[in-house]
Every structure is written in structure tokens, then in C-alpha cells.
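Inspection log for the structure reproduced underneath, given as C-alpha cells.
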Amino acid sequence: MFHAVQGNERTTLPPAGEPEVSGTSRQPPAAGRPPRTAGTAPAAPPAGTGGAPAGREAYFDNAKYLAIVLVAVAHAWEPVMEGSRAARALYMLVYTFHMPAFIVISGYFSRGFTGRPHQVRRLVTGVAVPYLVFEVAYTLFKRWADDDPQHPFSLTDPFYLTWFLIALFVWRLTTPVWRTLRHPLPVALVIACLGSLTPGIADDLDLQRILQFLPFFVLGLCLRPEHFRWVRRRAVRLAAVPLVAGAALFAYWVSPRLRMNWFYRSTSAPDLGYAGWTGPLMTLGLFGCALLLTVAFLAWVPGRRTWFTVLGAGTICGYLLHGFLVKSLDYWHVVEAHPWLTGPGGLVATTLAAAAAVTLLCTPPVRRALRCVTEPEMRWAFRKE
């Protein structure tokens, strides 16, 4: 999913993500422009901006917030969509592009990563530390809430949504490689296709997802500001309407025939019991579908400052915390106890509740409370430059 360093910003480079993780919505620094040095405080927010620091782009904060809402809503649909073809089709439609959109934005704001000491520090404190903390937290929560005291700790097998953090860590480290290659996107697509043919790698740092989602991160690295300006043209916004409508109809038709595992990108074709050639075919097909729907999503994101713009800086909190609520539905058998949730009314109620919950989790008070684990200083752990 896409997340910013609003209050104690230490570099112009965001650590990205679901949307971005511990990043900013500033434009990446232009060549030759000196980066913000460690410890430099950001400018005070101007009056009337809803608390966002000066220099942030409302468009990217809006995109990150809307993407994280889609992530949370889709996760909340999982336990209540069975038995409804329309719900499954809508789930499939959202799953086609919500994480790819998050990852593209993460890649875009990773363009300036060169491995400088202050960038590595932010990568460790803004991505690796939250991964370690929430990997342990989710394991403890499962032990308690699911009455499974023997559930093992594993730092190499990401639990639930923590896979994105470890994937972002790997992608960000490899950024200088992709920035050096002449044709990085075709290379990334080849790697993703080969990953879909390689069984048995899903549990090792969720390597299957790292490889199959890699092209979206590399695509973000290749983008420029003018690409986002093109996407926001009126003609593209209008063209997005029939595109999404057609995609929704196609999702409704194909939903009973297509396994959702393809959209998770967590399993190879041989592991799913398919012939090897289906892996590259589905990888390229889903990449094309995700790219078109991501363009449609980005075309509809408002560029002006809105009431939810400030929430784009706290999407890391919404991403990492909403999983506890979703898992509670499973661990405490909420759907089984309330069967009406699987009906149309229940689906609407679940959607509204998930959107409201993740919105609250992205607010500045929650972000400040969680800063000790999502944006820790940890000066004691690093050498002085």
C-alpha cells in the first residue's frame, strides 16, 4: 500500500508505500539538488492546509489515502463475500489494482535512493523496524485472539500484511540497480514471469510476491511528473469510466472461473496445479489489467486539497493497524455469529465500517502515538556521518 514523515522529516526521500511506508508526498529531489540533512525540521504548515507540511503534494496524499481505504475494504470483504458472485467480482476488481497502485507510488518516490547513509537509516527505521515490530505483534495477537499459544514466531515468513514491508525493503535496496539498467521494466517483467514458474519460494520472505509485484515498483521508478499530469487530463478521466465499467462486467463473468490466488501473487503456477506456461501468461495479463485500472484510479484522484489530504501522511498506521480488526472477524468468528453480514446489507455495513476504521487509524493523533515504532529516531544505532 503508501506513508509520510510529516512531523520529524529527515530526508526528502520517502520510504514509500500502500501504499508508501514512512515516506513523503514531495517530489523526489532533482538531479544535483542537495537532500534534506538529518535532523532538519520541515517548514511549518501554512494556515488552512489541514496540518500538512508545506511542500507536500495534495494529489499524492489523496492517492495514498484512497488506496489504503481500498486495501482495508477489500480485506474486510474476505470473510463476508462468499456466496455472492457480485461481491466476489468487486473484490477481484479491487484486488487487481489496489496494491499495484500503492507500489507504483512507492517506486516513484524511491527514484532518489542511492544508498546514502541517511537514506539507509530511514530505510531501517521506517521499514525494517516496523516490520519486526508488527511481525511480532501479529503473532502475539494470533496466539491470544485465536487461542493458538503455539503459533510460531518467524521473521522470514511474513505474517499477513507485513509482507509489503519486507518487499519494500528489498525493492528499495535494489533501486540503484534498476536505475542503472537501460531497460529496467522488461527485465523486471521477465523476473516476475520466472518467479511465477518457481515453486516453493512463497514462505521465504514472501519472495514470490517480491518477484511478481516487482514490475510495479520498477514502473514507478521510471515515471516522471509529466506522466502523472498526463493521467490527470480530462480525456483520460473520461476514458476511465467505460474502462472500469467494462472491467467490472468482465470480473463478474470470470469470477466463478478464476482462482483468487492469481491476484495475491503469492503462489507459483506449479504450486496451484497449473501448467508452467500459465504462470508467465497470467503474470503479463494481470500486469496489463492492473496497469490500466491503476491509470483509471490515478486519473480520478483529486489534485486539490480535500478533507482527507492530511490523512495521506498516516497511511502506514492505517495499513499496519487495520489488519488487527480484519483478523478479529476471523479469530472471533464474527461472521458465523452474525450471518446477516454475508448479505447485501452486511456487505454495505462492512464496507462503511472498514472505510471509517482505516480513516480513523490514519489520523494525526494515531500517527503521533505510533511514531515510536513507525518512525523511530534510533540515533543510538547508527554512526554519525
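The residues of the range 145-157 include none that are within 26 Å of Pro100 (Cα to Cα) and surrounded by fewer than 11 Cβ atoms within 10 Å (Cβ to Cβ). Would a scan of the range 154-171 turn up a residue that is closer than 30 Å to Ser328 by Cβ, of a type in the set (Gly, Ala, Ser), assigned to a helix (DSSP H, G or I) and touching a strand residue (DSSP E or B) at 6+ places or on another chain (Cβ under 7 Å)? Checked the range 154-171: no residue is closer than 30 Å to Ser328 by Cβ, of a type in the set (Gly, Ala, Ser), assigned to a helix (DSSP H, G or I) and touching a strand residue (DSSP E or B) at 6+ places or on another chain (Cβ under 7 Å).
Checking every residue in the range 223-246 against the condition of being closer than 23 Å to Val170 by Cβ and at pLDDT 95 or above gives at least one match.
Any idea which of Tyr160, Tyr138 is open to solvent by 30 Å² or more (accessible area, probe 1.4 Å) and under 19 Å from Gly318 (Cα atoms)? Walk me through it before giving the result.
Values: Tyr138 fails: open to solvent by 30 Å² or more (accessible area, probe 1.4 Å).
So the residue among Tyr160, Tyr138 that is open to solvent by 30 Å² or more (accessible area, probe 1.4 Å) and under 19 Å from Gly318 (Cα atoms) is Tyr160.
When restricted to residues that are free of Cβ contacts under 8 Å to residues at least 40 places away in the same chain and in a helix (DSSP H, G or I), the range 138-153 contains 4.
Look through the range 82-106, keep the residues that are open to solvent by 10 Å² or more (accessible area, probe 1.4 Å) and either among the basic types (Lys, Arg) or over 19 Å from the mean Cα position of the chain (by Cα) (or both), and return whichever of them is nearest to Leu223 (Cα to Cα). Checked the range 82-106; the qualifying residue nearest to Leu223 (Cα to Cα) is Arg88.
Of all residues in the range 233-247, those that are within 22 Å of the chain's Cα centre (by Cα) and either surrounded by fewer than 16 Cβ atoms within 10 Å (Cβ to Cβ) or β-branched (Val, Ile, Thr) (or both) total 1. Among the candidates Phe109, Phe113, the residue that is of a type in the set (A, V, I, L, M, F, W, C), touching a Gly at 6+ places or on another chain (Cβ under 8 Å) and buried (at least 24 other Cβ atoms within 10 Å of the Cβ) is uniquely Phe109.
Please verify whether the range 255-270 includes one or more residues that are of a type in the set (Gly, Ala, Ser), closer than 24 Å to Glu78 by Cβ and open to solvent by 30 Å² or more (accessible area, probe 1.4 Å).
To start, the set of residues in the range 255-270 that are of a type in the set (Gly, Ala, Ser) comprises 255, 266, 268-269.
From what is left, the residues that are closer than 24 Å to Glu78 by Cβ are 255, 266, 268-269.
Checking the rest, the ones that are also open to solvent by 30 Å² or more (accessible area, probe 1.4 Å) come to none.
Scanning the range 255-270 turns up no residue that is of a type in the set (Gly, Ala, Ser), closer than 24 Å to Glu78 by Cβ and open to solvent by 30 Å² or more (accessible area, probe 1.4 Å).
The listed residues are Thr342, Thr350, and the only one of them that is among the hydroxyl-bearing types (Ser, Thr, Tyr) and open to solvent by 50 Å² or more (accessible area, probe 1.4 Å) turns out to be Thr342.
Residue-level check: of (1) farther than 18 Å from Thr114 by Cβ; (2) in contact (Cβ under 8 Å) with a residue 12 or more places away in the chain, Val218 misses just (1).
Checking the stated criteria, Gly50 turns out not to satisfy the condition of being at pLDDT 50 or above, in contact with a helix residue (DSSP H, G or I) (Cβ under 8 Å, 6 or more places away or on another chain) and either open to solvent by 50 Å² or more (accessible area, probe 1.4 Å) or assigned to a loop (DSSP other than H, G, I, E, B) (or both). The residues listed here are Val301, Val348, Val358, Val373; of these, the one that is closer than 29 Å to Gln119 by Cβ and more than 18 Å from the chain's Cα centre (by Cα) is Val373. Please go through (1) among the polar types (S, T, N, Q); (2) farther than 30 Å from Val73 by Cβ; (3) open to solvent by less than 10 Å² (accessible area, probe 1.4 Å) for Thr198 and return the number of the only condition it doesn't satisfy. So Thr198 meets the others, but not (3).
Entry remark, the range 170-195: residues being farther than 25 Å from Gly285 by Cβ and buried (at least 20 other Cβ atoms within 10 Å of the Cβ) number 2 in total.
Restricting the range 53-78 to residues that are modelled with pLDDT under 90 and open to solvent by 10 Å² or more (accessible area, probe 1.4 Å), which is farthest from Gly107 (Cα to Cα)?
Pass one, the range 53-78, residues modelled with pLDDT under 90: 53-56.
Keeping just the survivors that are open to solvent by 10 Å² or more (accessible area, probe 1.4 Å) gives 54-56.
Values: Ala54: 22, Gly55: 20, Arg56: 17 Å.
It comes out as Ala54.
Among residues of the range 326-339 being open to solvent by 30 Å² or more (accessible area, probe 1.4 Å) and not in a loop (DSSP other than H, G, I, E, B), the one that is farthest from Pro130 (Cα to Cα) is Pro339.
The values are calculated or read from the model by the stated rules, or taken from the named source; none is laboratory data. Every value quoted in this text rests on a predicted model; they were computed, and no experiment measured them. Please note: Cβ atoms are built from the backbone with ideal geometry, for glycine as well, and neighbour counts cover all protein chains shown. With ligands, DNA and RNA removed, areas are computed over all heavy atoms of the protein, side chains included. Shrake-Rupley method; radii C 1.70, N 1.55, O 1.52, S 1.80 Å.
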